[in-house]
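Engineer: A single structure is presented below for examination.
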Amino acid sequence: AQSVTQLDSHVSVSEGTPVLLRCNYSSSYSPSLFWYVQHPNKGLQLLLKYTSAATLVKGINGFEAEFKKSETSFHLTKPSAHMSDAAEYFCVVTPYGNQFYFGTGTSLTVIP
Amino acid sequence: DTGVSQDPRHKITKRGQNVTFRCDPISEHNRLYWYRQTLGQGPEFLTYFQNEAQLEKSRLLSDRFSAERPKGSFSTLEIQRTEQGDSAMYLCASSPRWTSGNQETQYFGPGTRLLVL
């Protein structure tokens, strides 16, 4: 069975401080993992993806994520938050490359 | 813009009416997916097509729901006899031809927001 758990439904950070959004997954197969971002009234945008190459994945807008098989985690980080990072973030697992399994999302608030 | 497009963007209907949504994928993407997203939740898989063949359907896709992709290009999702519980955002995504060892990214459209009164 495949599933994703996003450990925090809401995260608040001050502008310029680090961001950490946590994701744990469960998969019967070696999965591919993604992070997507959803800004209000906009479509889901791919931030980054892991597909069994390097375990540290760099994405757009300064985000990166590290795949840790032993911990079944794929946490998303950014060294310095920007106001424009405020959005909903989804962790996604897919075992076969067809059906995506989404987490419930983490709402990121950036405080000026 | 050559991204995934969906029409309409918003739909308000009365309970019991039928509605149809359209999705135009990125050109030459052979896979097309439908998801449903309710407030405060992540998107949930409904169904997907490879070319014109519907390969998988979720148990969420009741008998009132039907999806087609007749020519392997655009797709339609129809909901018959709508219920208030159908109120949600319906998302469409597409991906290019899947190659072994390379899980393809899904590119999402802006969604159709349905409100059933």
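Engineer: Run the quick spin-label model on A:Ser26 and A:Glu64: label points 7 Å from Cα toward the beta carbon, then report their separation in nm to one decimal.
Structural biologist: 3.1
Engineer: Would you work out what percent of the accessible area of the protein assembly as shown, with all protein chains in place, is carbon or sulfur (probe 1.4 Å)? Can you show the working numbers first?
Structural biologist: Values: 5400 of 11360 Å².
For the protein assembly as shown, the apolar C and S fraction of the accessible surface comes to 48 percent.
Engineer: If you bin the C-alpha pair distances of the protein assembly as shown every 10 Å from 0, what whole percents do you get?
Structural biologist: Per 10 Å bin, starting at zero, the Cα-Cα P(r) for the protein assembly as shown comes out as 8, 32, 35, 20, 5, 0 percent.
Engineer: Which whole-number percent is the relative contact order of the stretch A:40-84 (Cα, under 8 Å, 6+ apart)?
Structural biologist: Answer for the stretch A:40-84 is 25 percent.
Engineer: OK, next. Using unit Cβ charges (K, R positive; D, E negative) and no other charged atoms, how large, in debye to the nearest 20, is the dipole of chain A about its Cα centre?
Structural biologist: The calculated dipole for chain A is roughly 240 debye.
Engineer: Projecting each Cα onto the charge dipole of chain B (Lys/Arg +1, Asp/Glu -1 at the beta carbon, about the Cα centre), which of B:Gln6, B:Gly85, B:Tyr48 comes out farthest on the positive side?
Structural biologist: Farthest towards the positive end: B:Gly85.
Engineer: Then there is this: Calculate the translational D of the stretch A:5-95 in whole µm² s⁻¹ from Stokes-Einstein, where the hydrodynamic radius comes from the Kirkwood formula applied to all Cα pairs, the temperature is 25 °C and the viscosity 0.890 mPa s.
Structural biologist: Stokes-Einstein gives a translational diffusion coefficient of 182 µm²/s.
Engineer: Accessible area per residue of the protein assembly as shown at 1.4 Å probe, in Å²?
Structural biologist: With all protein chains present, the protein assembly as shown gives 50 Å² per residue.
Engineer: Hey, any idea what the orientation-averaged projected area of the convex hull of the stretch B:25-83's Cα atoms comes to, in nm²?
Structural biologist: If you wrap the Cα atoms of the stretch B:25-83 in a convex hull and average its projections, you get 4.5 nm².
Engineer: A further question on this structure: When all C-alpha to C-alpha distances in chain B are sorted into bins of 5 Å, what percent of pairs does each bin hold, rounded to whole numbers?
Structural biologist: The percentages, shortest bin first, are 2, 12, 23, 25, 19, 11, 5, 2, 1, 0.
Engineer: Please compare each pair in A:Lys78/B:Lys71; A:Lys68/B:Lys71; A:Lys42/B:Lys71; A:Lys49/B:Lys14; B:Lys11/B:Lys71; A:Lys42/A:Lys68 to a cut-off of 32 Å on the Cα-Cα distance and tell me which ones are over it. Spell out each step's value before the answer.
Structural biologist: On the way: A:Lys78/B:Lys71 43 Å; A:Lys68/B:Lys71 42 Å; A:Lys42/B:Lys71 28 Å; A:Lys49/B:Lys14 40 Å; B:Lys11/B:Lys71 25 Å; A:Lys42/A:Lys68 30 Å.
Beyond 32 Å: A:Lys78/B:Lys71; A:Lys68/B:Lys71; A:Lys49/B:Lys14.
Engineer: Peptide A:51-57: average number of partner chain Cβ atoms within 10 Å per residue? Please report the intermediate quantities before stating the final value.
Structural biologist: Numbers: counts 5, 3, 1, 0, 0, 0, 0.
The shielding value for this peptide is 1.
Engineer: Same structure again: Nothing charged except the Cβ atoms of Lys and Arg (+1) and of Asp and Glu (-1): what's the magnitude of the dipole of chain B about its Cα centre? Round to the nearest 20 debye.
Structural biologist: Roughly 340 debye, rounded to the nearest 20.
Engineer: Please arrange B:Glu52, B:Glu104 by accessible surface area, largest first, computed with a 1.4 Å probe and ligands excluded.
Structural biologist: Numbers: B:Glu52 115, B:Glu104 25 Å².
Greatest to least solvent exposure: B:Glu52, B:Glu104.
Engineer: Placing +1 at every Lys and Arg Cβ and -1 at every Asp and Glu Cβ, with all other atoms neutral, what dipole size does the protein assembly as shown have around its Cα centre, in debye to the nearest 20? If you can, show how the numbers build up before the last one.
Structural biologist: Numbers: 22 positive and 20 negative charges, 74 e Å.
My answer is approximately 360 debye.
Engineer: Taking θ as phi - 60°, what are the ³J(HN,Hα) couplings along the stretch A:106-112 by the Karplus curve (6.51, -1.76, 1.60), each to the nearest whole Hz, with x for Gly and Pro?
Structural biologist: 10, 8, 9, 10, 10, 8, x
Engineer: Computed on protein heavy atoms with a 1.4 Å probe, what is the summed buried accessible area for the chain pair B and A, in Å² to the nearest 100?
Structural biologist: 1700
Engineer: With unit charges on the beta carbons (Lys and Arg positive, Asp and Glu negative) and the dipole taken about the Cα centre of the protein assembly as shown, which residue among B:Ser66, A:Tyr29, B:Gln17 sits farthest to the positive side?
Structural biologist: About the Cα centre, the residue reaching furthest to the positive side is B:Gln17.
The values are calculated or read from the model by the stated rules, or taken from the named source; none is laboratory data. Predicted model only: the values in this text are computed from it and were never measured. Virtual Cβ from ideal backbone geometry, glycine too; neighbours counted across all protein chains shown. Ligands, DNA and RNA are stripped out before the accessible areas are found, and what is left, the full protein with its side chains, is counted by its heavy atoms. Shrake-Rupley method; radii C 1.70, N 1.55, O 1.52, S 1.80 Å.
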